[in-house]
Structure formats: C-alpha cells, structure tokens
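Questions regarding the structure given below will be posed in turn.
The values are calculated or read from the model by the stated rules, or taken from the named source; none is laboratory data. This structure is a prediction, so every number in the text was calculated from the model and none was measured. Virtual Cβ from ideal backbone geometry, glycine too; neighbours counted across all protein chains shown. Only protein heavy atoms, including side chains, enter the accessible area calculation; ligands, DNA and RNA are left aside. Shrake-Rupley method; radii C 1.70, N 1.55, O 1.52, S 1.80 Å.
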Amino acid sequence: MKTYLLFESSSGYGLFNAEGIDEIGQNTEAVRNSVSDLNRFGQVVKLTAFQPFESALDALNQCNAVSEGIMTDELRNFLELSFQNSKAKEFIVGVADSKLGASISEGTNISCRSNEFMLELLRGVRLHFEHYIKNLKPGDLEKSQLGLGHSYSRAKVKFNVNRVDSMVIQAIFLLDTLDKDVNSFSMRVREWYSWHFPELVKIINDNYLYAKLAKYIENKSELSEEKLSALTEVVGDEDKAKEIIEAAKASMGQELSPVDLINVQQFAQRVMDLSEYRRKLYDYLVTKMNEIAPNLTSLIGEMVGARLISHAGSLTNLAKCPSSTLQILGAEKALFRALKTRGNTPKYGLIFHSSFIGRASSRNKGRMARYLANKCSIASRIDCFSEKGSTVFGEKLREQVEERLDFYDKGVAPRKNIDVMKAAIETHKDGEYQTFVLYDGDDDMDLDNQPDSAVKKSKKKKSKDDDVAATNGSGLEETKSEKKKKKEKRRLEQEESVAVENGEKEDGTIKKKKKKSKDDGEDVSAVSESKKKKKKSKE
C-alpha cells in the first residue's frame, strides 16, 4: 500500500510520495532522527504534484478553509487529477489535520490518516520544502509565509465571533477607573481650595459644580454683588449665589498667593475635563450596549449588563453560562468561602445592582435574583446568537420581571412564559427567534397537561419556596389541593384493605388503626363479635 503526503504551504498544495519508508524506519523515533538529513530523507519522500495558488486572496481563502477542516473545490480537483493516472489501487494520504482528512474522505472516498508518524514525515517536508520546488528563489517562501500570516491574522481579528464586545469591556473598566479618579481629585480640590474659602464646602455638595466654582471665583475677596448674575448662571440658583457672596464677605479662610490660585484653578479645570470625558464615555457605552446586547440592556440596564459581559469575558461566554452561574457572577470569593466554611452561599452577585433586586422585599430578594438571572440568561443568548438586533424580547422579559414583583407584593398572578414569548414573536415580524425561545426551560409552563410522574419529579427538584404557586396561579393551587385530598383517600382505602387481608390470614383478627372513621370502627367490631361467637360454638 502506497503512502502519500498532502502538504499545504503558503504558495500552494503539494503531494509527496513516501517510497522506501523501510530505509528510515517504521516507527516515529526513526523518522524523527532521519528528518534532518536531506539526502536520506529526499530518497524516501519525493514530490509527485504541486499546484500553486493563483493570488494572495486565493491563498487566504484556501488557508481559512484548511484551518476549519473544509475541502475546497481547488483541493478536490488537485487530488482527483493527481490520482487519476495512479496505478496503485490502494493508497493512503497522510494529512496534518484530522478534520481535513475526514472531509477529504467523505468528498472523494480517499482514505486519509493523521497520526504521529505522518506528522513527523510532514515536518520533514516542511523543513526541506524549498529543495523540492524548482525555480524557487531564496527568500520567496519566507515572504509568502509572512504575507499570508498577516492576512490570516487580520481576517481572524476582523471576523471575531465575539463581535465588538471588547469595546464594551474596555469602556466599563475605564468608566470605573474614572469614577475613582474623579472622586479622589474632587476631594483634593475641596481640601486645597478650603484653605482659602472653607465655607463653600457646606454650600455646594456636587463635586463638578464645586470645581467649576473654584475656577470661576479664584480670589474670594474679589467676589461682590456685581458678579451675582454670572455666579447665578454657574450655580443655577440665585439664592445659593447670594449665600456664596455673603459667605465670602465673612470667610475665615486664609489668603493665597496668585501662584497658588493659578495652580488651584488649573487643577480644577483638569477635574472638570475628566468629568466631561466621563459623561461622554457613558454615552458611548450606552450606544455600544444598545448595538451589541439590546435585549440585555432593555432588561437590566447598560451598566449592569456591561459589567456582566466584562466579568464573563465576552458576550459569548456570558451566553454559555447557566442562569445559576449568572446569578452569583461577581460573588466568587463569597461562594468559595461559604463552601469552605460550610456556611450560606451568596444569593446574588453583580445583578444585585439592578433596580429589581432593590425593589424586592428582604425575604424575596433571593427569589427575585434567581428569576432575574434566568431572564438575563435568555436575553444574552438571544443577543449573542441572533443576526439582527431587536429589543422586543428584552422588553417582554422586563414585563415578566415586573409582573413577578407585583406577584410577590400584591399577589397578582403573572402570565405564563410561553404566552409572553408567543406575543414577542408575533410582535417581531421576522420571527427568527422562534426555534430557541418557545422551548424555554422556565418554570412557568403549565403543569396540568403533564403526567403525574413528571409533576412529582418537578416537585422533588424544586425548592421549598412558593415559586410553583407563583408560576401557576391561584387556579392551579385549588386543583392541586383537590388532587391531594383524592390521593389521601385512595391511600387510606388501600391500607385498610391490606390490613384486613393480613388480619384474616394470620391471626384471624384485625389490627385497629388510630386514624379511622366511625363507620370503619363499627364494621371491625361487628366482624370481631361474629368470630367470638364461632369460637364459643366450637368449644
């Protein structure tokens, strides 16, 4: 059986015939030792056919297909033409990628093999490839490899499966850093300017407005009634402007030199610039979140959604997380500490910053966090795997969370999840999300149409909370109570019949039970009296 080697280079496809493998050895170690010797390796592995790429774009397309394990039409034609005039009926083609080998076997019925032995032979081909191709100038192969490598890397970055969520991750990190920096710099402005005008701190609480006033006022001794109108424009309140002027007249602060005032003014300007940039960055984050994850944004907000994506690493990683993981995302330290000390595990992580958790009562915060994490998981999957962005499902999921809050507070039964999703699909004209939204694993499904065994299993898996009653409504509670009563009656009747049969077979007497009705007691007593009479007659 002949052995061929398929080698994909940056300049084209090459097919090599491995003859006389016995001369270098059949095992991997022998091939590894003989690869470095060109004379010995060249006698065993010889070039059979070579097909160069037409252009750099063609080379990039072929490289992308090979990396994904896909056989292109050019590769199919090359293999068919190469083996068309081959006299050997049985042969094996050694490939580097097992996925590509499977694709070739399915498309051309050519048996392919990928193992360590073939990889070592291909390593030798790669090492001595320049010597096999005629009319190849020195350095041409390196240039083609470099150009193809750059093109391939740019294409991979361009077609990133995570799309542009890396911009959101960087923006939310920078936003958190700016918040800390602006707060610390604002406190420094307050402390610095309070040496000159200490009364201004009690009048103005906003950091940005304080820095703006410190830049405008400069020297408090120059502040007079003439600047009231301009000061009112800066502050936005005439009463506060008058209060500032009165406080400046009776201020207990010390005088500062002109150089010190210039430094305070410049630093206040820097704080103002940072605050303005922080606002622009927040607007940028809002627009990016509405483009990348519109459903998650409409459900839980821009900031919390961006923090979830950042903590997970990407939108794809967040979509892969189950709702139980998403619920405690950000509370990993508390979780492992609780597992180590066998304490109570945390109920929520980053989603605690959502307004829904804050609006829920203390006894319902855990339930609300679990329900909200479930909806966030659905929204992130829709955003990640959908081609067109839409906020329809996010708005509907938000309505469901609002209804759940009303149920916990007022007892109003919420709508079923399948009804809400059907309404969302009807609202969305294309209906492209139907395949993975209708079959949601939420606990809002109707349990009346399920068999008793399925209902029992679902009851065992659920916690002791009242979520079952919440999802199914008051009507389902009544049906469940009726079913329970019927089951109890059947169980009592079966136990009584079994006890009566056992009593007749073993002792001839019937064991009385604690929980029996009056009618059952009378029947048992009558049976016992009749048996006593029979015994007396026998004696």
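Heavy atoms only, 1.4 Å probe, whole protein assembly: order Leu146, Leu281 by accessible area, highest first. Could you put the intermediate results ahead of the total?
Numbers: Leu146 105, Leu281 15 Å².
If we order Leu146, Leu281 from most to least accessible, we get Leu146, Leu281.
Give me the net charge for the shell around Tyr282: Cβ to Cβ below 14 angstrom, other residues only, Lys and Arg +1, Asp and Glu -1.
That sum, taken over residues with Cβ under 14 Å, equals 0.
So, taking all protein chains as they sit and a 1.4 Å probe, how much accessible area belongs to Lys365, in Å² rounded to tens?
My reading of the accessible area for Lys365 is about 40 Å².
Could you order Lys134, Lys288, Lys2, Lys143 so the one with the most accessible surface comes first? Probe is 1.4 Å.
Values: Lys134 175, Lys288 40, Lys2 85, Lys143 150 Å².
So the residues, ranked largest to smallest area, are Lys134, Lys143, Lys2, Lys288.
Sorted by average packing, counted as other Cβ atoms within 10 angstrom per residue and highest first, what order do 92-99, 293-300, 232-239, 10-17 take? The partial results should precede the final answer.
Working: 92-99: 18.5, 293-300: 27.4, 232-239: 12.9, 10-17: 20.2.
Ranked from most to least packed, the peptides come out as 293-300, 10-17, 92-99, 232-239.
Find the lysine pairs in the range 179-272 meeting two conditions, Cα atoms under 27 Å apart and a separation of 8 or more places or different chains, and report how many there are.
Eligible lysine pairs with Cα atoms under 27 Å apart amount to 26.
If you don't mind, there's one more thing I want to ask. Just want to confirm a number: the relative contact order over the range 155-262, from Cα pairs under 8 angstrom separated by 6+ residues, in percent. Present the calculation step by step, with values, prior to reporting the outcome.
Working: 63 pairs, mean separation 31.1, N = 108.
Relative contact order here is 29 percent.
Let me ask you something else. For the cross-link pairs Lys280/Lys375; Lys2/Lys46; Lys388/Lys422, which exceed 24 Å when the distance is taken from alpha carbon to alpha carbon? Intermediate values should be presented prior to the final figure.
On the way: Lys280/Lys375 30 Å; Lys2/Lys46 13 Å; Lys388/Lys422 18 Å.
Pairs exceeding 24 Å: Lys280/Lys375.
Order these peptides, 220-227, 264-271, 125-132, by their mean beta-carbon neighbour count within 10 angstrom, highest first. Could you put the intermediate results ahead of the total?
Working: 220-227: 13.4, 264-271: 17.0, 125-132: 15.4.
In decreasing order of mean packing, 220-227, 264-271, 125-132 become 264-271, 125-132, 220-227.
Can you give the extra length, in nm with one decimal, that the chain gains between Ile262 and Thr345 once fully stretched, where that is 0.36 nm per residue apart less the Cα-Cα distance?
Numbers: separation 83, 0.36 × 83 = 29.88 nm, distance 5.42 nm.
Working it through step by step, the gained length comes to 24.5 nm.
Starting from the Cα of Arg76, step 7 Å toward the Cβ, then list every residue of the range 1-17 with an amide N under 15 Å from that point.
Answer for the range 1-17: none.
Right, another one. Remind me, relative contact order of the range 293-434 in percent, using alpha carbon pairs under 8 angstrom and six or more residues apart? Intermediate results must be reported in sequence, preceding the final value.
On the way: 168 pairs, mean separation 42.0, N = 142.
Rounded, it is 30 percent for the range 293-434.
If you don't mind, there's one more thing I want to ask. Going out from 0 in 5 Å bins, what whole percent of all Cα-Cα distances in the range 179-272 drops into each bin?
Pairs per bin, as whole percents: 2, 14, 28, 26, 20, 8, 2, 0.
Okay, next question. How long is the gain from His131 to Ser355 if the chain were fully straight, where each residue apart is worth 0.36 nm and the alpha carbon distance is subtracted? Write out the running numbers ahead of the final one.
Working: separation 224, 0.36 × 224 = 80.64 nm, distance 6.92 nm.
Gain in length upon complete extension: 73.7 nm.
Here is a further query. If you plug each phi of the range 419-427 into the Karplus form 6.51 cos²θ - 1.76 cosθ + 1.60 with θ = phi - 60°, what whole-Hz ³J(HN,Hα) values come out, in order, with x for Gly and Pro?
After applying 6.51 cos²θ - 1.76 cosθ + 1.60, I find 5, 5, 5, 5, 5, 5, 5, 5, 5 Hz.
If I model a spin label as a point 7 Å beyond the Cα along the Cα-Cβ vector, how far apart are those points for Phe385 and Glu191 in nm?
The modelled label-to-label distance comes out at 5.3 nm.
How high is the relative contact order of the range 69-124, in percent, counting Cα pairs under 8 Å that sit 6 or more residues apart? Walk me through the numbers before you get to the answer.
Details: 53 pairs, mean separation 21.5, N = 56.
Relative contact order, the range 69-124: 38 percent.
If you take the beta carbon distance between Asn219 and Glu54 as r and set R0 to 60 Å, what does 1/(1 + (r/R0)^6) give as a FRET efficiency, to the nearest 0.05? Working shown, then result.
Details: r = 76 Å, r/R0 = 1.27.
Once rounded, the FRET efficiency stands at 0.20.
Rank-order 244-257, 330-343, 111-124 by packing density, defined as the average count of other C-beta atoms within 10 Å over each peptide's residues, highest first.
On the way: 244-257: 14.0, 330-343: 12.1, 111-124: 17.6.
Taking the mean over residues of other Cβ atoms within 10 Å, the ranking is 111-124, 244-257, 330-343.
Suppose the chain between Asn85 and Asp206 were pulled fully straight at 0.36 nm per residue; how much longer would it get relative to their current alpha carbon spacing?
Details: separation 121, 0.36 × 121 = 43.56 nm, distance 8.52 nm.
Additional length available on full extension: 35.0 nm.
Quick one: order Cys376, Cys63 from most to least accessible surface, probe 1.4 Å.
In descending accessible area the options line up as Cys63, Cys376.
Can I ask one more? Would you calculate the separation in nanometres between label points at Lys99 and Glu29, each defined as 7 Å from the Cα along the Cα-to-beta-carbon direction?
Calculated label separation equals 3.4 nm.
Does the range 325-368 come out rounded, prolate or oblate, given a ≥ b ≥ c as the square roots of the eigenvalues of its C-alpha gyration tensor, rounded meaning a/c under 1.5 and, failing that, prolate meaning a/b above b/c?
Working: a/c = 3.19, a/b = 1.73, b/c = 1.84.
Verdict is oblate for the range 325-368.
If R₀ is 35 angstrom, what is the calculated FRET efficiency for the pair Lys422 and Glu488, using the beta carbon separation as r and rounding to 0.05?
0.40
Tell me, what is the FRET efficiency for Ala338 and Ser184 to the nearest 0.05, using R0 = 35 angstrom and their Cβ-Cβ distance as r?
Values: r = 33 Å, r/R0 = 0.94.
Once rounded, the FRET efficiency stands at 0.60.
Once you have the Kirkwood Rh of the range 2-157 from its Cα pairs, apply Stokes-Einstein at 25 °C and 0.890 mPa s and quote D in µm²/s. Kindly include the intermediate steps, with their values, before the conclusion.
Numbers: Rh = 16.2 Å.
Calculated translational D: 151 µm²/s.
Using a probe of 1.4 angstrom, how much of the accessible area of the range 183-300 is carbon and sulfur, in percent?
Values: 3340 of 6500 Å².
Roughly 51 percent, rounded to a whole number.
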